[in-house]
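The structure appears below as structure tokens.
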Amino acid sequence: MTTTRFAPSPTGWIHIGNLRAALFNYAIARQNGGQFILRIDDTDPERSKEEYVEGLKADLQWLGLTWDRIERQSLRLDRYAEAKARLVAEGRVYECFETPVELDLKRKKQLNMGKPPVYDRAALALSEAEKDKLRAERPSHWRFKLDLERIEWEDGILGPISIDAASVSDPVLFKEDGQVLYTFASVVDDVEMGITDIVRGGDHVTNTATQIQIIKALGGTVPRFAHHSLLTGPDGEKLSKRIGALALRDMRAKGIAPMAVLSLMARLGSSDPVEMRQTVQEVVDGFVLGHFGSAPTKFDPADLEPLTARYNAALPFAAVADRIAALGVPDALAERFWDTVKGNITFLDDMAPWWELFSKGVKAEVAPEDADFVAQALGLLGEPPYGAETWGTWTQAVKEATGRKGRGLFMPLRKAVTGRDSGPEMADVMPLLQVKPHL
């Protein structure tokens, strides 16, 4: 059975970059009738916060990305300790004593000599007596001993990958304070949870190489890997808060439609055009992992607004009836109100100013040269309620009285009634007006 996972660290709010991994893994699982696991990487007790756990669950639920089960790595520390003990006994995990400062000096010396900054495995040469002496002086950390061979796999996005393990340092699996690191906890979980497919960012390619060896050392089956490109800003710059709200919770608060987010992210960076979808299942059905490329992918938060507008405009009245009722729109006018404004809003909150206009009116916006014309025109308009024929009847009367026609007739009247130079058809606006326009 296809089993995928999304494994965020609850050290901050989930952002648009995290979503790519979540969505891609979700789509693969759902396309194959498999399982999608939400796995919380909360092994760092200082940085992990419960509010972030609840926040990321809320964000995924907002998007409609449901998980089949949830796991907490903080509840699996015994599994990591047991796996470590096995690999220590087999000589694949070994104890090291260098301090961060000592390691940094080693790296600088290697670079100065024109060598790659790879850990020299000095700890493997220590005798038990030397280790005992060092244990009394300082804490230790633990590394996985790589087999110095080429590590190869067929990547679902990048194609054939081959990395020489000799060019990579033996990865640290446990820190000096005993905390298990992502490299190891993730592999133990992937093996024990039967993960078959893993899609993640291109910055994990080297991790994948070392983790493949750890998976094999644990007796696990190597999953299918794919590494998607990383997002950049609209001009190719590194993603930062300067380009707009990147956290999903900020997008939700702004009124961005969840389907706008999913529709964009399911195609951005692929050879397929972005298509507005109305359901999560449509997104899943149209997702093709192999159509994504390796080049950095430009993301502009502004692209979500027209997609949100398109999604909202396609909503049936029943989906917004409660919101419209909350604005105070009478039941008799509610559906007509929605049909009139839905093509002229981006966010659903944009309905409120329209009802404010229809229910309370607006002071006519009149250019000085049109003041006499508008005053005369408003004198020819009766009191509400108005009907669908009111606009045509009124403008015809104004045309006959003033001689104006075309844009010179219609635009000043539109601005006088709505205070705007664009919007819904005026024949649809008039029946919604609760008060007569005034200067």
So, in the stretch 377-396, of the ones that are among the small types (Gly, Ala, Ser) and closer than 16 Å to ALA364 by Cβ, which residue ends up farthest from the chain's Cα centre (by Cα)?
GLY379
Restricting to the stretch 176-205, count the residues that are out of contact with any helix residue (DSSP H, G or I) (no Cβ under 8 Å at 6 or more places or on another chain) and farther than 20 Å from ASN25 by Cβ.
5
Scanning for something at pLDDT below 95 and touching a Gly at 6+ places or on another chain (Cβ under 6 Å), does the stretch 389-405 turn up at least one residue?
no
If ALA295 satisfies all but one of (1) exposed (fewer than 14 other Cβ atoms within 10 Å of the Cβ); (2) of a type outside the set (Ser, Thr, Tyr); (3) in contact (Cβ under 8 Å) with a residue 40 or more places away in the chain; (4) part of a helix (DSSP H, G or I), what's the number of the condition it fails?
(4)
Kindly indicate the residue of the stretch 42-59 that is under 24 Å from GLY194 (Cα atoms) and without any contact (Cβ under 8 Å) to a residue 40 or more places away in the chain and also surrounded by the most Cβ atoms within 10 Å (Cβ to Cβ) among those meeting that condition.
ASP42
Being of a type outside the set (Phe, Trp, Tyr) and in contact with an Asp or Glu (Cβ under 8 Å, 6 or more places away or on another chain) narrows it down to one residue among ARG107, ARG150; which is it?
ARG150
Residues that are surrounded by 19 or more Cβ atoms within 10 Å (Cβ to Cβ), in contact with a strand residue (DSSP E or B) (Cβ under 6 Å, 6 or more places away or on another chain) and assigned to a loop (DSSP other than H, G, I, E, B), drawn from the stretch 230-267:
LEU246
For the stretch 60-78: of the residues being in contact (Cβ under 8 Å) with a residue 24 or more places away in the chain and of a type in the set (A, V, I, L, M, F, W, C), which is farthest from GLY34 (Cα to Cα)?
LEU77
With ALA371, ALA332 as the choices, which residue is more than 29 Å from ALA260 (Cβ to Cβ), in the same structural domain as VAL417 (by TED's automatic domain parsing) and not in a loop (DSSP other than H, G, I, E, B)?
ALA371
Selection from the stretch 7-35 of residues that are modelled with pLDDT of 95 or more and touching a Lys or Arg at 6+ places or on another chain (Cβ under 7 Å)
ALA7, PRO10, ALA21, ASN25
ARG277 is checked against (1) surrounded by fewer than 16 Cβ atoms within 10 Å (Cβ to Cβ); (2) in a loop (DSSP other than H, G, I, E, B); (3) not hydrophobic (A, V, I, L, M, F, W, C); (4) not assigned by TED's automatic domain parsing to the domain that holds VAL191 and fails just one. What number does that condition carry?
(1)
For the stretch 87-126, what are the residues that are of a type in the set (Lys, Arg) and either out of contact with any helix residue (DSSP H, G or I) (no Cβ under 9 Å at 6 or more places or on another chain) or under 15 Å from LYS175 (Cα atoms) (or both)?
ARG107, LYS108, LYS109, ARG121
Selection from the stretch 144-160 of residues that are touching a Ser or Thr at 6+ places or on another chain (Cβ under 8 Å), surrounded by 16 or more Cβ atoms within 10 Å (Cβ to Cβ) and either more than 30 Å from SER294 (Cα to Cα) or not aromatic (Phe, Trp, Tyr) (or both)
LEU146, ILE151, ILE157, LEU158
Of everything in the stretch 302-329 that's in a loop (DSSP other than H, G, I, E, B) and surrounded by 12 or more Cβ atoms within 10 Å (Cβ to Cβ), which residue is farthest from the chain's Cα centre (by Cα)?
VAL329
Might you let me know whether the stretch 60-70 holds any residue that is exposed (fewer than 14 other Cβ atoms within 10 Å of the Cβ) and within 23 Å of PHE299 (Cα to Cα)?
yes
For the stretch 393-424 the number of residues that are surrounded by 13 or more Cβ atoms within 10 Å (Cβ to Cβ) and either in contact with a strand residue (DSSP E or B) (Cβ under 6 Å, 6 or more places away or on another chain) or among the polar types (S, T, N, Q) (or both) is 4
Of the residues that sit in the stretch 280-292 and are assigned to a loop (DSSP other than H, G, I, E, B) and of a type outside the set (A, V, I, L, M), which one is nearest to the chain's Cα centre (by Cα)?
PHE287
With the condition kept exactly as written, say whether any residue in the stretch 221-228 is in the same structural domain as GLY91 (by TED's automatic domain parsing), part of a loop (DSSP other than H, G, I, E, B) and closer than 14 Å to ALA83 by Cβ.
no
Note on the stretch 83-101: residues of a type outside the set (Lys, Arg) and surrounded by 12 or more Cβ atoms within 10 Å (Cβ to Cβ) are ALA83, LEU87, VAL88, VAL93, TYR94, GLU95, CYS96, PHE97, GLU98, THR99
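The values are calculated or read from the model by the stated rules, or taken from the named source; none is laboratory data. Model, not experiment: these values are computed from the prediction. Positions of Cβ are generated from backbone atoms using ideal geometry, with glycine treated the same way; all protein chains shown enter the neighbour counts.
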